Amino acid sequence: MDRPPPPRSAIVVHGGAWAIPDDEWRAHRDGVERAIRAGWAVLQENGSALDAVEAAIVVLEDDPTYDAGIGSVLTRDGHVEMDAAIVDGRGLDAGAVACVRDLKNPILAARQVLQSDHVLLSGEGASAFARSRGIVACEPASLIVPRERARLARLLAEELGREVDPREAFGQPAAERPNGTVGAVAIDRGGNIAAGGSTGGTPGKLSGRIGDTPIPGAGLYADNRLGGAACTGWGEGILRIGLARNAVSHLRDSAGQDAAWLAVREMDDRIQGKGGVIVLSRDGSLGFAFNTPRMAVGYMDGEIADPWIIGNDNR
Ligand code: ASP
C-alpha cells in the first residue's frame, strides 16, 4: 500500500507574475517575506494549513503594493471589484467570493463561505453573507489608491486612439499589465494542504468580470493526496486551461518543480497564456514556474532559518 510520507510543514506565497518594474520589486519582495512570516508563525504554533494561508493572504491584501484588497486595480468604470478563494485539501472543500466591492479582506469572507453550504458567492450577496458572519464592510472608495486611478486614466486614454484587440482588453499581455494578485499554499504538521488567492483582477476589466482566482481547479486547488497550487496571470487563459488542477495532477508522476513547469508550458503551448503557478507536493516539495518577466515568490519550511525569497527574473 502507498504510505503517505511523514508530514513536513511548509508554506509558499506569491505576489503576482508580470513585468514587475525595478522600482517596485523591493516592495513586492518585502511584502511576500512578511506574508511568509505570518503564515509560518501559524504553522509553527501547530496551526492549520488553512489558517496559515489565510494569515499570509491578509498581510498581502493589507499591503497596497499588490492587486488585492487595498491597492486593487480598477474596473473600466473606476471601481474595485475583488475575487478571493480558499480550498482545503482534506475533503476538497472550497469557499470563494467574486466581484465584492466593500470588503477589506475578501479572503476572510471566502473562508466563511468554505464553512457554509456554498462554494461561491458573488457581489451584493457575498457582501451580505460576509456581514452576517460578522465581517464589517468597508467604504469601497477606501480601497482605491492614486496609483490605480492614474493607471486607469492612462489605459483609457491609450485605448481612445487605437483599435483594441479584445484579448488585450482582457489583460492577455500580462507581461506588460500589472497583475499583482496574491496567493499561498501551505501544508501543516497533520499533512493537510490548503491553497488560497485574492485579487482585484485585471486593470480596466469590465464590471462583473470574474477571473480564475475564485474558481477551484483554475486559480487554485488542493488535494491532500497529491498537493496544492495557486496561480496568477491572465485569468481568462488560466480558467480555460484549468491551470491549478493541471499542476496538481502532474504531482502524480512529478516533483513540485516539474509539475509547475509542465502546467505552465502546456498553458503557453496550447493557448499562449501568460502567468505563473506555485506548487507544494504532499511531501513539501516546492515548485514554481512562470512565463512572464518576473514573479515574486517566497518559501519557508522547518529546515531553513529564514524565508527563502526568490528574486525571479526571466529577463
Ligand atoms: N489571475 C488574475 C485575474 O485574471 C490576475 C492576476 O493574477 O494578477 O483576475
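Charges only on Cβ, +1 for Lys and Arg, -1 for Asp and Glu: so what's the dipole of the range 246-315 about the Cα centre, in debye to the nearest 20?
Numbers: 7 positive and 10 negative charges, 66 e Å.
The dipole of the range 246-315 has a size of about 320 debye.
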For the chain, averaging the sequence separation of alpha carbon pairs under 8 Å that lie six or more residues apart and dividing by its residue count, the contact order in percent is 25
Using alpha carbon centers only, the range 61-115 is separated from the range 178-233 by a whole-angstrom value of 10
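Suppose every Lys and Arg Cβ carries +1 and every Asp and Glu Cβ carries -1, with no other charges. What dipole size does the chain come out with about its Cα centre, to the nearest 20 debye? Numbers along the way, then the final one.
Numbers: 33 positive and 43 negative charges, 44 e Å.
With Lys and Arg at +1 and Asp and Glu at -1, about 200 debye.
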Sorted by chain and number, the residues with a modelled amide H under 5 Å from that of C99, at a separation of 5 or more or across chains, are M82, D83, G123
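Can you give the net charge of the other residues whose Cβ lies under 10 Å from the Cβ of N291, counting K and R as +1 and D and E as -1? Numbers along the way, then the final one.
On the way: positive: R265, K274; negative: D268.
Charge balance in the 10 Å sphere: +1.
Work out, step by step, the length gained on full extension between L92 and D77: first 0.36 nm times the residue separation, then minus their alpha carbon distance; give nm to one decimal. Present the calculation step by step, with values, prior to reporting the outcome.
On the way: separation 15, 0.36 × 15 = 5.40 nm, distance 3.59 nm.
My answer for the length gained is 1.8 nm.
Pull out the extension gain between S132 and D23, defined as 0.36 nm times the separation in residues minus the alpha carbon to alpha carbon distance; nm, one decimal. Display every interim value, and only then the final one.
Values: separation 109, 0.36 × 109 = 39.24 nm, distance 4.12 nm.
Length difference between fully extended and current span is 35.1 nm.
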Between the modelled labels at S207 and A305 (7 Å from Cα along Cα→Cβ) the distance in nm is 5.4
For 141-150, 90-99, ranked highest to lowest by mean beta-carbon neighbours within 10 Å, the order is 90-99, 141-150
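None of the figures in this text is laboratory data; all of them are computed from the coordinates on show. All figures in this text were calculated on a predicted structure; none of them were measured in a lab. As a convention, Cβ positions derive from the backbone with ideal geometry for all residues, glycine included, and neighbour counts pool all protein chains shown.
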